[in-house]
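This report refers to the structure that appears directly beneath it.
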Amino acid sequence: MVRDARWIGAIVTWVALLLGAGYIASVPSQSSAHAAWYVPDAKAFDRAGLERRAEAAIGIWSRNSDETDDEPANAENAGPLDAYDGVYVGVITTRSEGRLVTFKLKVSNGIGSGTLIQRECGVTPITLKVSSTATVTGLALMFSSTCLKTEMAVRGRAVGGTLQLRLGNQYLELSKP
């Protein structure tokens with residue numbers, strides 16, 4: 001009786017294995033041209049295209065930005081636009097990934113442009129404006145944890161020889177070397 005139970009168990013096991021192998025053989029391979037077999041209308045992710053669009057958006061913004069300051073201008077506190085001219089540098093450690101990001105920025109007549117350098121991902125642009133009331137507004141492309149570029153608003157103030165900025169939930173101080 002024990003021997004009969006073993007034979008029945010072995011037969012059931014073999015039938016289950018054969019059925020499983022048949023099912024696996026009938027499903028398309030993910031390495032074939034039908035990699036998205038589970039979503040018939042899935043399209044490939046065009047990372048380069050998205051990055052080109054983001055960089056074009058920053059270029060358009062930096063040329064055409066007529067964004068107003070967060071607070072009204074006070075003529076008594078307004079200074080010349082070239083008061084903040086110079087090269088500014090700084091480094092932050094991202095909160096989410098703990099990666100170092102180096103900022104290099106040149107400001108001329110209230111318009112700043114430069115780069116963000118993240119060793120693991122590459123280089124992206126940053127553009128900003130410094131108003132006569134020392135208010136800073138701008139746009140930067142930051143890298144995500146997967147090195148995908150993401151647009152971030154830049155806000156802050158020019159104080160002395162520094163630019164005190166906020167990018168998302170991170171604070172940064174750029175200073176003249």
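The numbers here are math on the coordinates, done by the rules we state, and not lab data. Because the structure is predicted, anything quoted here is derived from the model rather than measured. A quick note on method: Cβ atoms are made from the backbone with ideal geometry, for glycine too, and the neighbour counts reach across all protein chains shown.
Tabulated data
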quantity	calculated
ALA158 touching a residue at least 12 places away in the same chain (Cβ under 8 Å), in contact with a strand residue (DSSP E or B) (Cβ under 6 Å, 6 or more places away or on another chain) and either closer than 27 Å to GLY49 by Cα or buried (at least 17 other Cβ atoms within 10 Å of the Cβ) (or both)	yes
Cβ-Cβ under 6 Å pairs, at least 6 apart or on other chains, the range 134-147 side in a strand (DSSP E or B), far side surrounded by fewer than 19 Cβ atoms within 10 Å (Cβ to Cβ) and among the polar types (S, T, N, Q)	MET142/THR150; PHE143/GLN118
Selection count, the range 148-160, where residues are over 20 Å from GLY122 (Cα atoms) and in a loop (DSSP other than H, G, I, E, B)	1
Residue check for THR124: within 10 Å of the chain's Cα centre (by Cα) and either of a type in the set (Val, Ile, Thr) or farther than 24 Å from SER96 by Cα (or both)	yes
